Amino acid sequence: MAEIRDILDLANENGFTKAIEMEVSSVLLNPEVRKMCATNKCQMYDTNWACPPGCGTLEECEAKVAKYKHGVLVQTTGELEDSFDFEGMEELKQKHDESFSNFVDQLYNLKVKMLPLGDGCCQICKKCTYPDEKCRFPEKAFSSMEAFGILVSDLCKLNNVDYYYGKNTLTYVGCVLFD
Ligand code: SF4
């Protein structure tokens, strides 16, 4: 079993602006959130093992979550010039994705059995093997929280951490559940 203190330290070393211990019981899978994936606004639906329908039904996702007892929630918050600062939003997203991907990689190298849930779908491989071959890295592939039906604002609230940090700020969120 991994020690929570070590995992929090590792998260902090990866540049997140916040890393806290979270309750696995706060991971509530909402079919309405999951349904939004099918509208395919992100154009990833049915293209990746970590996105619906490849990541399994909501019941299967629930069974995956139920295997874990501990969790760490991470955030990357940044300031934007204004609400039209799309470049700033993209830069912040890239920063969060890089931190999250490094964090997951390090946990994988430490052989931590985990379920990572990020912001956006798995981009470990340049081209996902979906649907023709099995996932190359099932132990570290990560779905988005939305793919699992998680309402991110609720998850933050249930874990007593802010999601909104004031005007012209933006926050990206991820979590890792582990044994
Ligand atoms: S690890 Fe590779 S094959 Fe597996 S879901 Fe991610 S991109 Fe697809």
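The values are calculated or read from the model by the stated rules, or taken from the named source; none is laboratory data. Note that the structure is predicted; figures quoted are calculated from it, not measured. As a convention, Cβ positions derive from the backbone with ideal geometry for all residues, glycine included, and neighbour counts pool all protein chains shown.
Observations, loosely collected:
- Scan of the stretch 118-158 for residues that are among the polar types (S, T, N, Q) and under 24 Å from Lys35 (Cβ atoms), ordered by number: Gln123, Ser143, Ser144, Ser153
- Any hit, the stretch 138-146, residues being away from the ligand (no atom under 15 Å from the Cβ), under 10 Å from the mean Cα position of the chain (by Cα) and assigned to a strand (DSSP E or B): no
- Qualifying residue in the stretch 37-55 (condition: outside any loop (DSSP other than H, G, I, E, B) and either away from the ligand (no atom under 16 Å from the Cβ) or at negative phi (or both)): yes
- Residue check for Val152: of a type in the set (Val, Ile, Thr) and over 14 Å from the mean Cα position of the chain (by Cα): no
- Residue in the stretch 76-84 that is surrounded by fewer than 18 Cβ atoms within 10 Å (Cβ to Cβ), of a type outside the set (Lys, Arg) and in contact with a Leu (Cβ under 7 Å, 6 or more places away or on another chain) present: yes
- Scope the stretch 17-68; condition modelled with pLDDT of 95 or more and basic (Lys, Arg); matching residues: Lys18, Lys64, Lys67
- Qualifying residue in the stretch 106-122 (condition: closer than 20 Å to Met22 by Cα and acidic (Asp, Glu)): yes
- Thr76 being of a type in the set (Ser, Thr, Tyr), out of contact with any Cys (no Cβ under 6 Å at 6 or more places or on another chain) and away from the ligand (no atom under 16 Å from the Cβ): yes
- Test: residue in the stretch 94-109 that is in contact with an Asp or Glu (Cβ under 9 Å, 6 or more places away or on another chain), assigned to a loop (DSSP other than H, G, I, E, B), away from the ligand (no atom under 16 Å from the Cβ) and within 25 Å of Leu29 (Cα to Cα): no
- Test: residue in the stretch 59-70 that is within 16 Å of the ligand (Cβ to nearest atom), over 16 Å from the mean Cα position of the chain (by Cα) and of a type outside the set (A, V, I, L, M): yes
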